[in-house]
Amino acid sequence: MSYNELAKEIIELVGGKENVSSVSHCITRLRFHLKDEGKANTEALNNHDGVVTVRQSAGQYQVVIGNHVPNVYQAVVEEGGFEAQKQQNTEETEEKKGLFNKFVDIISNIFIPILPLLMATGIIKGFNSLFVALGWMETTSGTYQLLNAIGDGFFTFLPIFLGYTAMKKFGGTPFLGMAIAAALVHPSLAGIAEGETIKTLFSGTIFESPVQITFLGIPVILMSYTSSVVPIIFATFFASKVERKFQAIIPTVVKSFIVPFLTLLIIVPITFLVIGPIATWIAQSIGAGVSAIYDFAPIVAGIVIGGFWQVFVIFGVHWGLIPIYYNNLAVQGSDMLIAMTFAASFAQIGAVLGVWLTTKNKKLKRLSFPAFISGLFGVSEPAIYGITLPLKRPFIISCIASAVGGAIIAVTGAALYSAGPLGILKIPTFIHPEQGITTGFWGMLISIVVAFVLAFVLTLFFGGVNRKDKGVTVVDEENKDQTDENPVIAHATETAQAENIVSPLNGEIIPLAEVPDQVFASEAMGKGIGINPADGQVKSPVNGIITTIFNTKHAIGITSDQGAEILIHIGIDTVQLDGKHFTAHINQGDQIKVGDLLVEFDVDAIKKAGYPVITPIIVTNSNAYGDIELTASKQVNQGDLLLITKK
Amino acid sequence: MTVERMNEMKEQTFTITAETGVHARPATLLVNKAGQFESEIEIGYNDKKVNLKSIMGVMSLGIPKGAQITVSADGSDEEAALAGVTEIIKEHLGE
């Protein structure tokens, strides 16, 4: 049966679409809000092949479907026309957000998981070029090469990492996003782009494009996808849609490999055929445009190129200017075009400093330092993607400051006399090989100081660093952390993933239903298992965080890195002991690894005091999972597999 | 979508008199009750606020005897939600 047929039948059985006020889904269930639950034919739904079971709770009519619920949900929404409803509610906010903000939010969001890596590799890159500039290393040395590979490897293959996070963001399979990105940055294609041209399209125009290969006869205009950001966002956006379509039409038996097979075969060539030319032509137009403006009025060119440089970089179209730059250096021995972008990274770190000093957000403060340092050496990605772009205003401010810097450089006629490193280390390349320090050199120094100070001051006053409504994910999460909700708890249910939970105790397995306490036995707290401990040592069953350790020390709550909320409740009614016979080795908020000693307790003393030591181990967010499998063993030791949570 | 609706939110303060505070069992009762309602329900203690529909969240507050707690509900059935939770607290935990 297709999803659409199933959807049609489900809608009919819940009382028709008129009876549905709204529908949403979780990991395994469709969650309906029905106007009248009495109109739903629960028995027929329960007996339906496509439905596991029906649950009525929390004012929701839940139809348990299984892991493929997203597809069924999609079909239900289409069949019932429910999405129109949903969109009406959200229309206002969507409209307010606007395209720019949405785009910035997407970029910021997909960078969040990889920010620490971006900072780390940015710093390595920066110091590597510093060491060369100081003469401590030769660029030919193995040490430099290895450090460079460490720092630059991540930047070069950035699209692969973004392929994962972007695909996840668009609701597709993350590894599929990585596979698409891996194809885009494959070294052999990068080699071909620099190789022999077989023909030239649109020769004589600004769209003149060398073509090195064809795909099934269609000329492919290659660009360099390494280090790029935007192409993979577009590719994964369409891939997620295509993947979903295939998910819906391909039979379940062969789905697992046919869906990625077809999605890759469609999306990768289309990306090469569409994104490549568009980006290439935009880049070339920018190059031609800026050159034309420069000939006409250098100061305007300075403003434009200084102001938009970072935007060009984000879209990967900045390299339209690079050939002009190399050509200028080769032909004239100097370049004034790329010179005008020099203030951009200083404007970025000026804005970062402003954020650093004013933010009340601990996470932003922590990120600011490495972003500043790597930005100082011209590696501005951490500053852009980690700090200024998510906050939006500081990014705009830094573009303004950079435009002013560009104008100063243009007016004073500062020029670059050789290609070289980035950031402050690039300063010496502005020294004229024969005339030494010229007016242009001073102009450049003034430009970067002005850009830096201007971005810094404007960010202090207009950066809106602590604005409440900025919709920044980095900041929102952190604010929750500081004030109300613990984000670990708040997001655990949504992000819960399949994982193995090992035994925290040595002892005998007791089925939960046989635990002598109705609250546990009835699964009111969630699914789990009981252990009759042989000795009094509790070790961590997962990697995670201690969410709660009661002052009575008899119950430990853990939120695992994968999102499982696990309660280890030592003994029954042992809250009455008020901590006696228990020793805690951890505190609330501690990071723990599998096998870390959490609590010790005196088995005999607790028994003597009249309490059973049977210890229920409960997954309190069981609802977030499709199923929780229990060990079949009768006896377990610490570290043995105890529970498997399944999506 | 964060819409400020402070004015509409229902809130009530309680004092915990139960000898052992809000441990696993009463936390479960509260959470199960809260789960029956549509509204967003939060419990606050010591400047910390958590979702009353999460057992782990409630337990993470470590609410002892004598604690002043606030329960707030915000949503379509907020009054019923607050009444339901109040009933559980009065019956098992305090006043």
Revision key, fill the gap. In the set A:Ser560, A:Ser503, A:Ser522, A:Ser540, the lone residue that is without any contact (Cβ under 8 Å) to a residue 12 or more places away in the chain and not aromatic (Phe, Trp, Tyr) is A:Ser522
Review point. With A:Gly507, A:Gly528 as the choices, which residue is surrounded by 15 or more Cβ atoms within 10 Å (Cβ to Cβ), in contact with a helix residue (DSSP H, G or I) (Cβ under 8 Å, 6 or more places away or on another chain) and of a type outside the set (D, E, K, R)?
Key: A:Gly528
Check your understanding: If we scan region A:628-647, do we find a residue that is among the basic types (Lys, Arg) and touching a Phe, Trp or Tyr at 6+ places or on another chain (Cβ under 9 Å)?
Key -> yes
Check your understanding: How do the helices (runs of 4 or more DSSP H) wholly within chain B filter down when requiring 3 or more residues that are on the phi < 0 side of the Ramachandran plot and surrounded by fewer than 22 Cβ atoms within 10 Å (Cβ to Cβ): which remain?
Key -> B:24-34, B:78-92
Practice item. Please specify each residue of region A:510-558 satisfying the condition of being away from chain B (no Cβ under 12 Å) and hydroxyl-bearing (Ser, Thr, Tyr). Key: A:Ser540
Point to revise | Residues located in region A:569-586, provided they are within 11 Å of chain B (Cβ to nearest Cβ), surrounded by fewer than 24 Cβ atoms within 10 Å (Cβ to Cβ) and in contact (Cβ under 8 Å) with a residue 40 or more places away in the chain | key: A:Ile572, A:Asp573
Study note, to complete from the structure: Filtering region B:66-89 for residues that are out of contact with any Asp or Glu (no Cβ under 6 Å at 6 or more places or on another chain), free of Cβ contacts under 8 Å to residues at least 60 places away in the same chain and charged (D, E, K, R) leaves a count of 1
Check your understanding: Where in region A:319-394 are there helices (runs of 4 or more DSSP H), lying wholly inside it, with at least 2 residues that are free of Cβ contacts under 8 Å to residues at least 12 places away in the same chain?
Key -> A:322-332, A:362-376
Point to revise | Given (1) within 20 Å of A:Lys527 (Cα to Cα); (2) outside any strand (DSSP E or B); (3) within 14 Å of another protein chain (Cβ to nearest Cβ), index of the condition A:Ala632 fails | key: (3)
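Quick note: the coordinates plus some simple rules give every number you see, no bench work behind them. Predicted model only: the values in this text are computed from it and were never measured. When we count neighbours, we look across all protein chains shown, and the Cβ atoms used for this are built from the backbone with ideal geometry, even at glycine.
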